[in-house]
Amino acid sequence: MDIAIINTWLLTFQGDNLGIIQDGALGIEDGKISYVGSTDGFNYKEADRIIEGTDHVAMPGLINGHIHTPLTLLRGGAQDLPEIEWMNKGILPLAMHMTLEDLICGSKLGVLEGLRTGTTTFAEYTINAVDILEKVYLPWQVRVVATEMINEVGFGRTHLKPIDLYEFDRSKGENELKRAQELFQKFRSEELVTCMYGPQALDMVSLDLLKTIKEQAIEQNAGIHMHVAQGQRERLQITGRYGKNASTVKVLHKNGLLGPFLLAAHCHDTNEKERELMVKEGVKMVACPSAIGMIDGIVPPVGHYVELGGSAGLGTDQAAGPGSHNLFREMRTASLLTKTLHRDPTVLPAWKALQLATIGGAKILGIASKVGSLEVGKQADVITLNLRHLHLTPTVSRPFRNFIPNLVYSTNGTEVDNVIINGKVILSKGKFVNIDEQAIIEEANIRAKRIFESASEDWKKANSKLVKYTQEGWL
Ligand SMILES: [Zn+2]
């Protein structure tokens, strides 16, 4: 046996609930889970590495269902803005000045932040996905569900009014589809990689190209990961293009583009009927409450989607705006915002939030046979958390285990002290085993300073509200 974790609280996520085991133990051999059960009777003494789990929780690694890690380099660059400005006037003038090396550095920063706080699978949605995988995920041996972003609109839209329709450039879309195909060809047999298709959104890709993408996805037995119904900016484009009664969900449905193959991100500009339809069609949903709260001032309808029986998970989107890739923080945000939205504190309880960030995430990404729960034969993606912190104290187990709500409402993510992916230890006792965290912080600061400085004129010209706040001395 390679690794044994003993004397710990185990959250296995087997069955319909959390699968809690007291005085639990876990064995790992050849990258897979070889034992799940009680420490009593577990023959662990010959294991190469024994992790003592007293006062700890061991659970499946968290699954981030929607993340753009390269944009982590723009953290703090676009927030507190009107929704209509955020993309074209807020983040775009900065993103336009990022080089490929910047994207790679931003990705390293985002992945490290996620790993440090317990994420072991990243549903990466990016341009230059091949490079990001080759330079970040594969060398670090981190599990990724990779998507090359495809759209048919250029960068030059900072001057457009919200009602001006984006001009579609088919050759740009075709080129990006080719890059997506390259991603599949290169990595689909890699153990740590799953590939998906990534049309950006219905306002940014023509129906024609979307249908081609769907055909290819079905041929490759792969899913489509797409932003769906992202608020007013998208709605103006959809009604302008498809008629005043059109909505993203209606247009997708009419064109056979809703189905179990679709992973829909955000969905906050959908109504109850549309969500019922999406659930009926088997569409999966990923909610990013911090991002959508910050960018749109809206709570994603994940509570309703789950209530309807829909399959859902959580993601952190990009750090410019919501600010972090910490899924423990995201669970808390999801639960609190959803309770507030429904004016009902029983909605999205802690245990449900934990499910969304583990087995729920695995299901929406189509990898639940490999990860998402602790079961013998599954890949060993495991994290441990130390409960001996001020903000997690006290820990009691009778008449119930108070650490379950504490994991969601009190944890800040830094209690994660071991991160194991595919049986390999990435973080040990709170320290990265093979990654120089400080070197990446240094590089990220140098690169970000250059990007923000060289984008300065474009950013001023775009004239978002942040320019005004800066002039007033707030920033
Ligand atoms: Zn996104």
- Cα gyration tensor of region 306-369, axes a ≥ b ≥ c as square roots of the eigenvalues: rounded (a/c below 1.5), prolate (a/b > b/c) or oblate? oblate
- Message: With just the Cα atoms defining each centre, how far is region 340-397 from region 53-94? Give it in Å.
- Response: 19 Å
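In the chain, what percentage of the DSSP-assigned beta bridges are antiparallel, given to the nearest 5?
Numbers: 28 of 63 bridges.
Roughly 45 percent of the DSSP beta bridges within the chain come out antiparallel.
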- Message: Give me log10 I(q)/I(0) at q = 0.08, 0.13 Å⁻¹ for the chain, Debye formula, one equal scatterer per alpha-carbon, no solvent.
- Response: -0.46, -1.22
- Calculated from DSSP H runs of 4 or more alone, at -39500 (n - 2.57) each and per residue, what is the 222 nm mean residue ellipticity of the chain, nearest 500? -10000 deg cm²/dmol
- Normalise the Debye intensity by I(0) for region 202-359, one equal point scatterer per Cα, no solvent, then take log10 at q = 0.16, 0.19 Å⁻¹ and round to two decimals. -0.90, -1.22
- Whole-angstrom Cα spans of region 372-455 along principal axes, big to small: 59, 34, 22
- Message: Quick check on region 1-111: take the gyration tensor over C-alpha atoms, sort the square-rooted eigenvalues as a ≥ b ≥ c, and tell me if it's rounded (a/c under 1.5), prolate or oblate.
- Response: prolate
- Query: Expressed in nm to one decimal, what extension gain is obtained for the pair residue 475 and residue 169 from 0.36 nm per residue of sequence separation less their Cα-Cα distance?
  - Reply: 106.5 nm
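Note the full-extension length gain between residue 130 and residue 307 as 0.36 nm times their separation in residues minus their Cα-Cα distance, in nm to one decimal.
60.0 nm
Classify region 66-167: rounded, prolate or oblate, from the alpha-carbon gyration tensor (a ≥ b ≥ c, eigenvalue square roots; a/c under 1.5 rounded; otherwise prolate if a/b is larger than b/c)?
Since a/c reaches 1.5 and a/b is larger than b/c, the shape of region 66-167 is classed as prolate.
A short reminder: the numbers here are calculations on the coordinates, not readings from a lab. Keep in mind it's a predicted model, so treat the numbers as computed, not measured.
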